[in-house]
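Before any comments, here is the structure.
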């Protein structure tokens with residue numbers, strides 16, 4: 001079966017390719033234990049906002065701004081700061097392994113105060129620290145906010161995306177390096193998604209390249225590789241060789257549903273046993289009217305609005321539909337299309353099929 005897409009009742013279903021299983025590089029399937037990124041975090045100040053910063057009466061932003069100004073030689077008390085062009089933010093980044101001093105990394109900035117928008121702001125130099133409270137990078141630069149928030153004096157608002165968070169591309173400079181030691185005897189390859197079958201296939205690929213017995217499956221999440229023979233003292237070259245090897249990952253049978261975007265992703269190993277489904281929907285219609293009641297021309301009454309609500313409940317006729325066995329994703333799409341259900345009904349139908357034992361797949365709703 002080929003990869004492609006089909007539509008199920010308004011949902012777009014992406015079809016994962018079936019056999020033969022695709023091969024992937026070990027570089028995309030595993031990591032070498034000991035070489036990982038480290039989380040960095042800091043609290044900083046964004047300036048240059050167009051009146052969309054934290055409230056003027058908020059000490060959350062005024063106190064660190066006062067401290068910053070004092071450190072720069074301008075003594076200003078926190079209670080004297082009334083500007084709304086500043087906002088206090090959290091600054092986060094990932095320190096990659098083997099990052100050297102002077103390496104530039106991306107940072108993410110998010111408001112933690114009452115700021116309405118960070119659009120057009122500039123992050124002032126902020127120390128980024130690790131869990132050991134040591135400073136590893138300094139972040140500073142102009143924010144990139146992928147959206148806008150425009151409001152009129154009458155209260156009309158037009159928004160796009162999230163404007164209280166943004167990024168500073170290459171906005172932090174590494175100041176402190178994390179020491180990484182290259183292994184000498186054994187490499188431990190950790191799988192991104194632990195799986196017995198995938199681990200066994202990785203071992204087979206390594207043994208084919210380096211010789212029988214070079215690799216050992218420790219558990220579903222780890223495969224060890226000996227650094228011996230011609231590879232002694234050549235851990236870097238060995239890792240580069242292993243990264244280029246290919247193995248076929250074994251993916252579990254899984255159905256992923258995203259109701260917001262109307263997307264269903266069905267894995268290649270999903271199957272459907274013969275089953276009969278009965279369904280019926282309840283439709284509720286609420287109509288709100290606001291007629292105006294006026295007094296007579298010479299009356300002393302007042303003009304009032306009298307709300308009038310009309311609620312109608314309609315239950316659709318349930319019907320039973322027999323669904324044959326389906327061994328391919330295309331068969332499942334055809335079977336579900338025969339039901340004629342609406343998109344919102346697909347989630348409980350998939351869950352009911354799973355509960356009945358007719359659907360051999362894990363269901364994941366985003």
Legend entry - Relative intensity, log₁₀ I(q)/I(0), of the range 174-266 from a Debye sum that treats every alpha carbon as a point, q = 0.23 Å⁻¹: -1.14
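At 0.36 nm per residue, minus the direct Cα-Cα distance, what do residue 98 and residue 23 gain on full extension? Give it in nm, one decimal, please.
Details: separation 75, 0.36 × 75 = 27.00 nm, distance 2.85 nm.
Full extension of this stretch gives 24.1 nm more.
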Inset, instruction - Quickly work out the residue 196-to-residue 106 label distance, labels modelled 7 Å from Cα along the C-beta direction, and quote it in nm with one decimal. - result: 3.9 nm
Legend entry - Estimated distance in nm for a label pair at residue 85 and residue 276, the labels positioned 7 Å out from Cα along Cα-to-Cβ: 7.5 nm
Inset, instruction - Determine, for each peptide in 199-210, 130-141, the mean count of other beta carbons within 10 angstrom over its residues, then list the peptides with the highest first. - result: 199-210, 130-141
Legend entry - Extension gain (nm, one decimal) between residue 41 and residue 209, 0.36 nm per residue minus Cα-Cα: 56.3 nm
Legend entry - Segment residue 294-residue 243, length gained on full extension (0.36 nm per residue, minus Cα span): 10.2 nm
Inset, instruction - Between residue 170 and residue 355, with labels modelled 7 Å along Cα→Cβ, what's the label distance in nm to one decimal, could you check? - result: 5.5 nm
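Read-outs throughout are calculated quantities, based only on the coordinates presented, and are distinct from any laboratory measurement. Computed from a predicted model, the values in this text were never measured in an experiment. A quick note on method: Cβ atoms are made from the backbone with ideal geometry, for glycine too, and the neighbour counts reach across all protein chains shown.
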